[in-house]
Amino acid sequence: MLAPLEVIRAYPPHDRTLGGLLESRAASDPGRPLLLFGQQVLGYAEFARRVDAAAGALRARGIGPGERVALMARNSPEYVVLFFALARLGAVMVPVNPDFGAAEAGYVLEHAGVRAVAADAAALSVVREAAQRASPAPWIFPLESEREQWIRRLPRTELPPAPPADSTCLILYTSGTTGFPKGVMHSQKNFVLAGEGFVARMWLQPADRLLCILPMFHINALFYSLAGALAAGASLALEPRFSASAFWKTAAQTGATEVNLIAAIGNILARRPRSEFDPRHRLRAIYAAPVTPELERVFREEFGVAHMIEGYGMTEIPGAANNPFDGERRPNSMGKAALHPDPALQFAELRVVDERGGDLPPGAQGELWVRTPILMQGYYRDPAQTEAAFENGWFKTGDLVRRDADGYYYFVARAKDIIRRRGENISGAEIDRVLGDHPAVVHCAAIPVPSELGEDEILVAIVRRPDIPVSAREIAEWCRGRLAAIKVPRYVAFVDSLPMTATQRVQKFQLRADAALRARAVDLGR
């Protein structure tokens, strides 16, 4: 295998823009496949040609530097072409979850002040309704799956000079696990550096084929899968959406060697019937978080995936930490500060601090602060939130972590996911991880509920597998065998579903607001 620095130095230097990165890779091997989508195969040079054509068409409609253009669609080659075309003009893509209703989409369109909206056929009616909130009304155009149809309908014009690397190319709205979404701004340079960082994280090779099953409105698909594939000069097998039943068949048919998962998807696959598994797959590496020892065992021993790499990042700070691909990987750890392939480039810096911002020693629990060259540019139209998120150039994550003596970091909880019980601080995330390993549990969430004695009691809401019976007392016993007694939940509520974000994170703030949840739960304290 080539070392990460050898991979990125195998191509001509570029200016750290999306266009510059694409031109560098296309110049080295114009015919190499970049995007695979069903039966479509789009090479680097052909992709670059489509990007220029789309950029010319968009400019003819008045799209220029700084203009925001929303995109509400499933993953497709046209989605990626539009992203690069907008970046070529210095414009900004605003991805919108295609499962949003008109009210949710309308908020994003209005807040971002979009000039135009592209939508696939399934989302067009919602976009038209949502766009009524925006003033002035945006131009709406369809993003057909047929080759270049949307481009052919537009006149073309000459392209302007390339934008600078620090121009904003994305506004990503946060998933809203704790409340109202914010628009996170990222530059073209951030996208490129994140992709190069992913080459180092996963030791990507030019011959790799990355499978992308996560949605393109999410930081993972954009900054890791797409950017990583381009940075390595590799290929991206793009799927419209995740299918649990078809996952292994898709992995085998596409010849994928790497895929990114979120914890919920990993747990779903681990619990699926083994009849769906296709041993012909070529997956050598998976990036996911969090990765429990049991989940790693299943993928390594039963599914034959050699490398499970756990890491840590947020929409605001992509790829801040990871377990080393070529070094020791510690169980339940989010790894060390992330590195760039070029050791001369200062990359992620991490601190664990107390409530006053003072550095804490190894073993102590505190808030994680991060400084990185791929830090967000700020929250769009929200200077107050932007200012509150920073302290002297350090981003305050709101996550509680600890660091061991060797520089490995361990996630404890979101600061807002702490349960205060009998004088002790308990991590809801820790209980979630333990229950997530139970064979009967599909999804779960531990939240605080008021205690008669003051402070909190612990309630866990659980979605069960229909084919494995389990009682509330069995859930408590599972926790008792793996957690301190004070962390064992008092209340167990079996529910049909949990409120989830589009990227399968539980919206605990909605559960906490459900006053009837405890009344429906089994009280094990009686």
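What follows draws every value from the coordinates through simple rules; no lab data is involved. Predicted, not measured: the structure shown is a model, and the values here were computed from it. Glycine also receives a Cβ, built like all others from the backbone with ideal geometry; neighbour counts cover every protein chain displayed.
Could you work out the per residue convex hull volume over the alpha carbons of segment 33-126, in cubic angstrom?
Working: hull volume 8.4 nm³, N = 94.
Convex hull volume per residue, Cα atoms: 89 Å³.
Once phi is turned into θ = phi - 60°, what whole-Hz ³J(HN,Hα) does the Karplus curve with 6.51, -1.76 and 1.60 give for every residue of segment 91-100, x standing for Gly and Pro?
My calculation for segment 91-100 gives 8, 10, 8, 10, x, 10, 4, x, 8, 5 Hz in order.
Once the other residues with Cβ under 12 Å from the Cβ of Val259 are scored (Lys, Arg +1; Asp, Glu -1), what is the net sum?
On the way: positive: Arg209, Arg282, Arg284; negative: Asp208, Glu239, Glu258.
That works out to 0.
If one takes the longest principal axis of the Cα atoms in the chain, at what angle in degrees, from 0 to 90 and to the nearest 10, does the Cα axis of helix 102-112 lie?
60 degrees
If you place +1 on the Cβ of every Lys and Arg, -1 on the Cβ of every Asp and Glu, and leave all else neutral, what size is the dipole of the chain about its Cα centre, to the nearest 20 Debye? Walk me through the numbers before you get to the answer.
On the way: 61 positive and 59 negative charges, 130 e Å.
With only Lys, Arg, Asp and Glu charged at Cβ, the dipole is about 620 debye.
Could you tell me how many degrees, from 0 to 90 and to the nearest 10, lie between the Cα long axis of helix 44-60 and the main elongation axis, the longest principal axis, of the Cα atoms of the chain?
The two axes meet at around 80 degrees.
What's the angle, to the nearest 10 degrees (0 to 90), between helix 77-88's Cα axis and the longest principal axis of the chain?
Roughly 70 degrees between the two axes.
Regarding the chain, what is the average projected area of its C-alpha convex hull, in nm²?
Result: 24.4 nm².
In deg cm²/dmol, rounded to 500, what helix-only [θ] at 222 nm does the chain give when every DSSP H run of at least 4 residues adds -39500 (n - 2.57) and the total is split over its residues? Display every interim value, and only then the final one.
Working: 17 runs with 144 residues, N = 526.
About -7500 deg cm²/dmol.
Does segment 313-418 classify as rounded, prolate or oblate by the C-alpha gyration tensor (a ≥ b ≥ c root eigenvalues; a/c under 1.5 gives rounded; else a/b over b/c gives prolate, otherwise oblate)?
Working: a/c = 1.87, a/b = 1.23, b/c = 1.52.
Oblate, because a/c is 1.5 or more while a/b does not exceed b/c.
Compare the peptides 319-326, 462-469, 435-442 by average per-residue count of other Cβ atoms within 10 angstrom and give them in order, highest first.
Numbers: 319-326: 22.8, 462-469: 13.5, 435-442: 18.5.
Packing order, densest peptide first, comes out as 319-326, 435-442, 462-469.
Give me the percent of DSSP beta bridges within the chain that run antiparallel, rounded to the nearest 5.
Numbers: 50 of 83 bridges.
Among the beta bridges of the chain, antiparallel pairing accounts for roughly 60 percent.
Can you tell me how segment 256-311 classifies by the Cα gyration tensor, rounded, prolate or oblate, using a/c under 1.5 as the rounded cut? Don't skip to the end; give the middle numbers.
Values: a/c = 1.59, a/b = 1.18, b/c = 1.35.
Taking the square roots of the gyration eigenvalues as a ≥ b ≥ c, segment 256-311 is oblate.
List the relative contact order of the chain as a percent without decimals, with contacts defined as Cα pairs under 8 Å and 6+ residues apart. Each step should come with its number before you reach the end.
Working: 1142 pairs, mean separation 56.3, N = 526.
Worked out over the chain, it gives 11 percent.
Within the chain, count lysine pairs with alpha carbon atoms under 25 angstrom apart where the residues are 8 or more positions apart or belong to different chains.
Lysine pairs meeting the criterion: 12.
Between rounded, prolate and oblate, where does segment 1-230 land on the alpha carbon gyration tensor, with a ≥ b ≥ c its root eigenvalues, rounded for a/c under 1.5, else prolate if a/b exceeds b/c?
Details: a/c = 1.69, a/b = 1.44, b/c = 1.18.
Prolate, since a/c reaches 1.5 and a/b exceeds b/c.
Skipping prolines and chain starts, which residues have an amide H placed within reach, meaning under 5 Å, of the one on Arg284, given they are 5 or more residues away or on another chain?
Glu258
Amide H neighbours of Ala116 under 5 Å, at least 5 residues apart or on other chains, H built in the peptide plane: list them.
HN-HN under 5 Å from Ala116: Ala70, Trp139.
If amide hydrogens are placed 1.01 Å from N in the peptide plane, which non-local residues have theirs closer than 5 Å to the one on Ala413?
Leu400
How much net charge surrounds Asp496 when only other residues with a Cβ under 12 Å from its Cβ are counted (Lys, Arg +1; Asp, Glu -1)? All intermediate terms of the calculation are to be shown ahead of the outcome.
On the way: positive: Arg464, Arg520; negative: none.
Value of the local net charge: +2.
³J(HN,Hα) across segment 214-229 via Karplus (A = 6.51, B = -1.76, C = 1.60, θ = phi - 60°), whole Hz, x for Gly/Pro?
Calculated HN-Hα couplings, in order: 8, x, 6, 8, 10, 4, 5, 5, 6, 8, 10, 5, 5, 5, x, 4 Hz.
Summing +1 for each Lys or Arg and -1 for each Asp or Glu, what net charge is found among the other residues whose Cβ lies under 12 Å from the Cβ of Leu238?
Numbers: positive: Arg74, Arg209, Arg241; negative: Glu78, Glu239.
Local net charge: +1.
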